[in-house]
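K.L.:
If you scroll down you'll find the structure; I have some questions about it.
The values are calculated or read from the model by the stated rules, or taken from the named source; none is laboratory data. These figures come from a predicted structure and were not determined experimentally. Cβ sites come from the backbone with ideal geometry, for glycine too, and all protein chains shown count toward neighbours.
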Amino acid sequence: MLVIGVAGGTGSGKTTVVQQIVNDLPAEEVGVISQDSYYKDLSQMSYDDRCQINFDHPDSIDFQMLIQHIKSLKGGKSIQQPVYSFAVHNRLEESTTIEPRKVLIVEGILILSQPELRKLLDLKLYVYAESDERLIRRLKRDIVERGRDLEEVIDRYQNTLRPMHNEFIEPSKEFADVIIPTHRRNRVAVELIRDIIDQRIAQDQ
Ligand SMILES: Nc1ncnc2c1ncn2[C@@H]1O[C@H](COP(=O)(O)OP(=O)(O)O)[C@@H](O)[C@H]1O
Ligand SMILES: O=c1ccn([C@@H]2O[C@H](COP(=O)(O)O)[C@@H](O)[C@H]2O)c(=O)[nH]1
């Protein structure tokens, strides 16, 4: 199995790049897991308390479970991936079955920040966009898709998102094999990654 890690700040375009890569591959050969599914279970807290959590700090993620799940998939076993709701800031009761595939893409802001996790990655990508562009994208997305308002997004950006980005995410760029700029749609970078994946799939046949 080829395991590809895709990191980058919020709004950098990770999900979009992963989608472009996946669209070009046969569905039965590629699986995607998102770091967002591994936010810790906060059921014991009230909604108001959950709203105060720093969701950009590595401690908010159950990396042990994520690492265990990648190891299981590498070992040919399926996993039950938790389902996370941004609307309620919590894990839901249900889970999603993910089957092992030839290619596994693991995507999320902090994917390159954890040494134990990095060891499991065969190819490390960092998706890059300027911070003002990321903030604009995040504002639009969170208001339209995640039920936030302007004040909430700006407050989180200033208090947790920006400092955590500077402390944990931006420095993890040094571990990337390839940095993908997304100030515009970047077809060439996606084709490059696709070629690497094609070669690996062909080798395994
Ligand atoms: N290259 C790009 N140019 C313009 N908009 C983009 C680009 N890449 C992503 N977007 C938009 O920015 C928003 C955030 O992108 P997304 O892929 O969800 O980022 P991430 O997963 O890194 O948070 C989405 O609305 C997406 O359509
Ligand atoms: O309950 C939550 C959990 C996380 N967030 C924010 O999500 C982003 C990470 O997701 P991306 O898709 O990479 O943008 C992170 O910056 C958290 O602040 C949230 O708003 N609510």
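K.L.:
Against the definition (farther than 23 Å from Asp49 by Cβ, more than 12 Å from ligand 2 (Cβ to nearest atom), part of a strand (DSSP E or B) and among the hydrophobic types (A, V, I, L, M, F, W, C)), how does Ile179 come out, yes or no?
P.N.:
Here the answer is yes, as Ile179 does meet what is asked.
K.L.:
Another one. Here is a list: Leu117, Leu112, Leu66, Leu104. Which entry is assigned to a loop (DSSP other than H, G, I, E, B) and within 25 Å of Ser172 (Cα to Cα)? Give the derivation first.
P.N.:
Working: Leu117 fails: assigned to a loop (DSSP other than H, G, I, E, B); Leu66 fails: assigned to a loop (DSSP other than H, G, I, E, B); Leu104 fails: assigned to a loop (DSSP other than H, G, I, E, B).
Residue meeting the stated conditions: Leu112.
K.L.:
Given (1) of a type outside the set (Phe, Trp, Tyr); (2) at pLDDT below 95; (3) in a strand (DSSP E or B); (4) buried (at least 16 other Cβ atoms within 10 Å of the Cβ), where does Val127 come up short, assuming only one miss?
P.N.:
For Val127, the failing item is (2).
K.L.:
Please verify whether Gln19 is under 20 Å from Ala176 (Cα atoms), free of Cβ contacts under 8 Å to residues at least 60 places away in the same chain and not acidic (Asp, Glu), treating the condition exactly as stated.
P.N.:
It is true that Gln19 is under 20 Å from Ala176 (Cα atoms), free of Cβ contacts under 8 Å to residues at least 60 places away in the same chain and not acidic (Asp, Glu).
K.L.:
When both residues are 6+ apart or on different chains and their Cβ atoms are under 7 Å apart, which pairs have a first residue that lies in segment 130-155 and is farther than 11 Å from Thr10 by Cα, and a second that is among the aromatic types (Phe, Trp, Tyr)?
P.N.:
So the pair list comes out as Arg146/Phe86.
K.L.:
Can you tell me how many residues within segment 39-71 are under 14 Å from Pro100 (Cα atoms) and either free of Cβ contacts under 8 Å to residues at least 24 places away in the same chain or out of contact with any strand residue (DSSP E or B) (no Cβ under 7 Å at 6 or more places or on another chain) (or both)?
P.N.:
Residues of segment 39-71 under 14 Å from Pro100 (Cα atoms): 68-71.
Right, trim to either free of Cβ contacts under 8 Å to residues at least 24 places away in the same chain or out of contact with any strand residue (DSSP E or B) (no Cβ under 7 Å at 6 or more places or on another chain) (or both) and you get 68, 71.
The number of residues fulfilling the criteria is 2.
K.L.:
Any idea which residue in segment 1-23 is nearest to Lys119 (Cα to Cα), counting only those that are part of a helix (DSSP H, G or I) and near ligand 2 (Cβ under 10 Å from one of its atoms)?
P.N.:
Among those residues, the one meeting the criterion is Lys14.
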